[in-house]
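The values are calculated or read from the model by the stated rules, or taken from the named source; none is laboratory data. Values in this document were obtained by computation on a predicted structure and should not be read as measured data. Ideal geometry is used to build each Cβ from the backbone, glycine not excepted, and the neighbour counts take in all protein chains shown.
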Amino acid sequence: MIHLGLIGYPVGHSLSPKLHTAALQACKLEGDYSLFPIRPDDMQGLKDLLARVRSSEITGLNVTIPHKQNVVRFLDELTPTAKAIGAVSVIYLKENKLIGDNADAAGFLSDLNGFLDKENTDLKEKGQNVLVLGAGGSARAIAHALLNNGWNVTISARRTEQANELARSFQNIKVVEYNVQALKSVELGLIVNTTPLGMTPNIDQSPWLENLPFPSHAVIYDLVYNPRETKLVKDASAAGLFATTGLGMLIEQAMLGFHLWTGKHIPREIMSSAVEEV
């Protein structure tokens, strides 16, 4: 019996149970996928849950906001990718060691490149400028992926010190204040939202500041995938920009995580079908 799950807070909006239930059924594996809502300051709750992975009661876990960095202290080892990013999105047991990996960077990059190809933009050329909104664990994965693929990365977050801390962890990242005047001065081709602003149930929120016009010809990528069309995506589309949510990234990282836990490769179509009507 395979027991999988998601650590985060909140997690009620997550589509991961649908994705992994479909994957288990496709592989004819007996198992389930549970949600584990653990409050941001509940480190004992995190430790207790990870002990269940260590004892093999739970096969593997995904990690989402706000625990992508919090879990690191309780793990025995990080993969090179997770270590470089400084955040974890997948946990599994190997040779009696709790291993932390990160599938967010690869999942994001795969989906982003597919979206850029589909929209026939010229943003895949090296040296383009990108603004990453937010400075948490997801932002770390996105910054890592973009830097490694030749993008010029600028970070902006409500907590400037957190943005500065992220920038110190990598090379060649700029930080700008999260205000209209500062963001107006940044030349951009791509904007990536890594914050939870706009996530169900707070669908009227957006990380894009009021009175700040969108850069002309920019592409918008919002990691939030529930609702299917966020306020940021709606507003950007209304301004004539190409915009997408992170549903494709969710599917890509789910495929990678499922392979780590079970050794099985799931066709993307199976996971896409599981969430297409949600």
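The table below lists the values:
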| read-out | value |
| --- | --- |
| Failed item in (1) outside the structural domain of L6 (by TED's automatic domain parsing); (2) in contact (Cβ under 8 Å) with a residue 60 or more places away in the chain; (3) in contact with a Gly (Cβ under 9 Å, 6 or more places away or on another chain); (4) not in a loop (DSSP other than H, G, I, E, B), with T121 passing the rest | (4) |
| Of all residues making up segment 51-82, the number that are within 22 Å of G263 (Cα to Cα) and hydrophobic (A, V, I, L, M, F, W, C) | 7 |
| Filtered residues of segment 117-128 (kept if buried (at least 18 other Cβ atoms within 10 Å of the Cβ) and in contact with a Leu (Cβ under 6 Å, 6 or more places away or on another chain)) | L123 |
| Pair list, Cβ under 9 Å, 6 or more apart: segment 189-216 residue in contact (Cβ under 8 Å) with a residue 60 or more places away in the chain and at positive phi, other residue of a type outside the set (A, V, I, L, M, F, W, C) and part of a loop (DSSP other than H, G, I, E, B) | none |
| Filter result (buried (at least 18 other Cβ atoms within 10 Å of the Cβ) and in contact with an Asp or Glu (Cβ under 7 Å, 6 or more places away or on another chain)) within segment 54-87 | T81, A82 |
| Residue count, segment 91-100 (criterion: touching a Gly at 6+ places or on another chain (Cβ under 9 Å) and either surrounded by fewer than 24 Cβ atoms within 10 Å (Cβ to Cβ) or in the same structural domain as G240 (by TED's automatic domain parsing) (or both)) | 2 |
| Residue within segment 117-135 that is small (G, A, S), modelled with pLDDT of 95 or more and out of contact with any His (no Cβ under 7 Å at 6 or more places or on another chain) present | yes |
| R168, sole failed condition from (1) out of contact with any helix residue (DSSP H, G or I) (no Cβ under 6 Å at 6 or more places or on another chain); (2) over 26 Å from A22 (Cβ atoms); (3) not in a helix (DSSP H, G or I) | (3) |
| For T195: the one exception among (1) outside any loop (DSSP other than H, G, I, E, B); (2) crowded, with 22+ Cβ neighbours inside 10 Å | (1) |
| Restricting segment 69-83 to residues that are outside any loop (DSSP other than H, G, I, E, B) and β-branched (V, I, T), the residue that is nearest to Y33 (Cα to Cα) | V71 |
| Unique residue being touching a strand residue (DSSP E or B) at 6+ places or on another chain (Cβ under 6 Å) and either free of Cβ contacts under 8 Å to residues at least 60 places away in the same chain or within 20 Å of A103 (Cα to Cα) (or both) when the list is L29, L46, L24 | L24 |
| Test: residue in segment 239-247 that is out of contact with any His (no Cβ under 8 Å at 6 or more places or on another chain), within 26 Å of Q25 (Cα to Cα) and at pLDDT 95 or above | yes |
| Counted residues, segment 84-118 - those being part of a helix (DSSP H, G or I), among the charged types (D, E, K, R), under 16 Å from Q253 (Cβ atoms) and over 10 Å from the mean Cα position of the chain (by Cα) | 1 |
| Within segment 217-271, tally of residues that are assigned to a helix (DSSP H, G or I) and either closer than 19 Å to H20 by Cα or assigned by TED's automatic domain parsing to the domain that holds L29 (or both) | 20 |
| Scope segment 199-250; condition among the β-branched types (V, I, T) and in contact with a Lys or Arg (Cβ under 7 Å, 6 or more places away or on another chain); matching residues | I203, T245 |
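Okay, residues lined up against (1) surrounded by 20 or more Cβ atoms within 10 Å (Cβ to Cβ); (2) outside any strand (DSSP E or B); (3) modelled with pLDDT of 95 or more:
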residue: I7; (1), (2), (3): yes, no, yes
residue: P17; (1), (2), (3): no, yes, yes
residue: H20; (1), (2), (3): yes, yes, yes
residue: A23; (1), (2), (3): yes, yes, yes
residue: Y33; (1), (2), (3): yes, no, yes
residue: R52; (1), (2), (3): no, yes, yes
